[in-house]
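Take a look at the structure below.
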Amino acid sequence: MGRLLQHQRHNIILDRLKNGEVLSITELSREWDIPTKTIQRDFGKLMEGNYGVVRANDGKRFTLIKEKVTSSNATLSLKMLDSLSADIGGVFYTKAQKALRHIEHYVNSPFYTRIDVENISEIMPLIEQIESAIAEHKMISFGYKRHYRANEIKHYTHVKPYKIIVFDGFFYLYCQHYSYFPSFYLKEIRDLKIEDNEFTYDEKILSALTKAQSIWFNPTKNSYEVILYVDSVVRIYFERKPLKDQFLKKYPDGTGEVTTSVTDKKEVFSLLKKWIPHIKILEPEELQREFEDMLDEYVKYCRKFNV
């Protein structure tokens with residue numbers, strides 16, 4: 001294993017604690033070939049945060065505070081799922097209801113959930129086809145209508161379907177096509193057919209996909225660390241809904257630093273656009289300068305309409 005960055009160690013520790021492990025500073029030091037003092041500082045920072053990290057009963061190892069799971073918790077979860085499926089609507093809601101009714105006779109939900117997800121009812125048969133191909137490890141072929149060439153259908157064969165993913169409320173097919181890993185917008189896929197050819201998933205790609213921040217994720221590139229400054233107005237949102245592979249360093253004045261990993265600058269640029277003017281890139285500095293240049297070009301473009 002290569003030398004782990006601080007935020008990566010923190011996330012691995014939290015994931016392992018959540019999976020029920022009780023961790024030792026000495027054992028992690030030996031496993032990662034890192035000084036015990038470094039691991040000790042890691043646990044110190046995690047115990048200062050709101051992560052529920054505490055000393056185990058033996059006083060030497062570390063664990064998470066246990067949360068009591070009750071039937072009431074499970075019922076509330078079902079009611080939230082019911083509300084989420086209703087917001088997506090159509091055939092998807094109907095199918096979700098059948099599954100939910102098997103678990104609970106009637107869901108009388110107190111929740112109103114509005115999520116920014118497109119309605120996929122019209123393409124449920126397509127989704128079922130893709131689901132079947134993924135489950136059976138079968139290649140697929142299809143036509144694809146690209147938005148920038150509306151009158152042209154491009155045909156793809158021997159495509160290896162990996163996952164149906166949702167980014168920013170839109171549904172995509174994430175797949176492998178020869179040495180490329182494109183994402184196809186589901187509603188533009190035409191005449192999909194399941195081929196007889198079987199394939200084996202690249203486990204490294206599937207693992208890397210779990211850390212994707214947006215549709216701009218590129219598994220063929222090495223990830224790199226980005227440190228963001230967030231002011232007191234938006235820090236709370238990074239606490240409530242952390243980024244993938246995020247570590248949040250909190251300051252007494254309410255501001256913070258968010259450390260995460262990306263494979264493409266567009267991943268972090270899309271995040272900055274969402275939170276302007278309450279966020280900036282601290283490292284790498286050249287990305288912040290490039291983003292500022294983009295903003296300058298945008299302002300110049302807008303001023304053309306105000307002349």
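Some notes on this structure:
- Residues in region 190-206 that are touching a Pro at 6+ places or on another chain (Cβ under 9 Å) and exposed (fewer than 13 other Cβ atoms within 10 Å of the Cβ): K204 alone.
- So N222, is it within 23 Å of the chain's Cα centre (by Cα) and exposed (fewer than 13 other Cβ atoms within 10 Å of the Cβ): yes
- Whenever a residue of region 11-28 is small (G, A, S), its partners that are surrounded by fewer than 19 Cβ atoms within 10 Å (Cβ to Cβ), lying with C-beta atoms within less than 8 angstrom and at least six residues away or across chains, give the pairs S24/K60; S24/R61.
- Residues that are touching a helix residue (DSSP H, G or I) at 6+ places or on another chain (Cβ under 7 Å) and either without any contact (Cβ under 8 Å) to a residue 24 or more places away in the chain or in the same structural domain as F247 (by TED's automatic domain parsing) (or both) within region 40-53 comprise just one, Q40.
- Residues in region 245-263 that are out of contact with any helix residue (DSSP H, G or I) (no Cβ under 9 Å at 6 or more places or on another chain) and surrounded by fewer than 16 Cβ atoms within 10 Å (Cβ to Cβ): P252, D253.
Yes/no per residue for (1) surrounded by 12 or more Cβ atoms within 10 Å (Cβ to Cβ); (2) of a type in the set (G, A, S):
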position: N11; (1), (2): yes, no
position: K18; (1), (2): no, no
position: S29; (1), (2): yes, yes
position: F43; (1), (2): yes, no
position: G49; (1), (2): yes, yes
position: A56; (1), (2): yes, yes
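- Any chance I115 is under 29 Å from K187 (Cβ atoms), part of a helix (DSSP H, G or I) and modelled with pLDDT of 55 or more: no
- Unique match (being in a helix (DSSP H, G or I), at pLDDT 85 or above and of a type in the set (F, W, Y)) among Y237, Y229: Y237
- Subset of region 273-307 that is surrounded by 15 or more Cβ atoms within 10 Å (Cβ to Cβ) and free of Cβ contacts under 8 Å to residues at least 24 places away in the same chain - its residue that is farthest from G49 (Cα to Cα): F291
- Residue match in region 255-270 (condition: in a helix (DSSP H, G or I), within 14 Å of the chain's Cα centre (by Cα) and hydrophobic (A, V, I, L, M, F, W, C)): yes
- Picking from residues in region 270-307 that are of a type in the set (A, V, I, L, M) and farther than 26 Å from T255 by Cα, the one that is modelled with the highest pLDDT is V299.
- Here the condition is being farther than 29 Å from S270 by Cα, touching a Leu at 6+ places or on another chain (Cβ under 7 Å) and of a type in the set (F, W, Y); of F171, F142, it holds for F142 alone.
- Residue match in region 292-305 (condition: within 20 Å of K221 (Cβ to Cβ) and either out of contact with any Phe, Trp or Tyr (no Cβ under 7 Å at 6 or more places or on another chain) or assigned to a loop (DSSP other than H, G, I, E, B) (or both)): no
- Selection of region 206-230 for residues being aliphatic (A, V, I, L, M) and either within 14 Å of I165 (Cβ to Cβ) or touching a helix residue (DSSP H, G or I) at 6+ places or on another chain (Cβ under 8 Å) (or both) yields L206, A208, L209, A212, I215, V226, L228, V230.
- Options A150, A135; residue that is free of Cβ contacts under 8 Å to residues at least 24 places away in the same chain, in a helix (DSSP H, G or I), aliphatic (A, V, I, L, M) and more than 30 Å from D253 (Cβ to Cβ): A135
The values are calculated or read from the model by the stated rules, or taken from the named source; none is laboratory data. Computed from a predicted model, the values in this text were never measured in an experiment. Cβ sites come from the backbone with ideal geometry, for glycine too, and all protein chains shown count toward neighbours.
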